[in-house]
Amino acid sequence: NTKTYDGTNTAAAKPTYNSTDVQTGDTLTVSETYDDKNAGTNKTLTANYVINDGNGGKNYNVTTQTATGTIDKAALTVAANNDAKIYDKTAYAGGKGVTYTGLVNGETGSDLGGSLTYGGTSQGTTEVGTYTITPGGLTSTNYTITFRDGTLTIKPAAITDPGYIAAVQNAQQNAGGNI
């Protein structure tokens, strides 16, 4: 029995049984669970059953066998969010958060190990241009994590010198608006 991590200990396949051993009118419902929900190999599987025979299941002797199974890691993408700023001579540090794609069963980034870090060409840069924001640092026993870069764009600062603006406006008026 093998499944991909889904945040539960429920097995993907149901155990088999000899249906001719169940008398007409009685029902047997079977399921199988792993010893825990986490990814791994050689995990103990336990058969679970409910007998509906009008006597609380006491009309049957049920023998179960143990088995082992595997829970494979689920795929998870951690993508750095894009960011933008205006040139201000301040070195860029960190990032603007990340987006998770592939978390299961209500899990969040806090269910991951490690600490979110940022790298890439964006770190420490001050100049106008486009740079990469590279996330990293997160770990998990239940997910295979793929990190995706985001983009930092540093845009030129606007010149707001009132004397310069007035000079440009005067030049435009004198040139007939062709500047």
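The values are calculated or read from the model by the stated rules, or taken from the named source; none is laboratory data. Given the structure is predicted, the values throughout are model-derived calculations rather than measurements. Reconstructed Cβ throughout: ideal geometry from the backbone, glycine too, with neighbour counts over all protein chains shown. Protein only, heavy atoms only, side chains kept; ligands, DNA and RNA dropped before computing areas. Shrake-Rupley method; radii C 1.70, N 1.55, O 1.52, S 1.80 Å.
Listed values, structure above:
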read-out	value
Search result, residues across the range 99-155 that are within 19 Å of ALA84 (Cβ to Cβ) and of a type in the set (Phe, Trp, Tyr)	TYR118, TYR131
Residue in the range 93-115 that is assigned to a helix (DSSP H, G or I), open to solvent by 80 Å² or more (accessible area, probe 1.4 Å), over 30 Å from VAL22 (Cα atoms) and free of Cβ contacts under 8 Å to residues at least 40 places away in the same chain present	yes
Residue among THR46, THR77 that is modelled with pLDDT under 95, more than 13 Å from ASN142 (Cβ to Cβ), surrounded by 15 or more Cβ atoms within 10 Å (Cβ to Cβ) and polar (S, T, N, Q)	THR46
Neighbours by Cβ (under 9 Å, 6+ apart or cross-chain): first from the range 39-57, at positive phi; second of a type in the set (D, E, K, R) and assigned to a loop (DSSP other than H, G, I, E, B)	GLY54/ASP26
Residues within the range 56-74 that are open to solvent by 10 Å² or more (accessible area, probe 1.4 Å) and either of a type in the set (A, V, I, L, M) or under 17 Å from the mean Cα position of the chain (by Cα) (or both), tallied	4
Qualifying residue in the range 126-137 (condition: modelled with pLDDT of 95 or more, closer than 30 Å to ASN9 by Cα, surrounded by fewer than 14 Cβ atoms within 10 Å (Cβ to Cβ) and under 30 Å from the mean Cα position of the chain (by Cα))	no
Complete set of residues in the range 7-25 that are surrounded by 15 or more Cβ atoms within 10 Å (Cβ to Cβ) and in contact with a Gly (Cβ under 9 Å, 6 or more places away or on another chain)	GLY7, ALA11
For GLN173: the one exception among (1) at pLDDT below 95; (2) in a strand (DSSP E or B); (3) of a type outside the set (Val, Ile, Thr)	(2)
Verdict on ALA39 being closer than 30 Å to ASP149 by Cα and surrounded by 13 or more Cβ atoms within 10 Å (Cβ to Cβ)	yes
Yes/no for LYS85 being open to solvent by 30 Å² or more (accessible area, probe 1.4 Å) and in contact with a Phe, Trp or Tyr (Cβ under 8 Å, 6 or more places away or on another chain)	yes
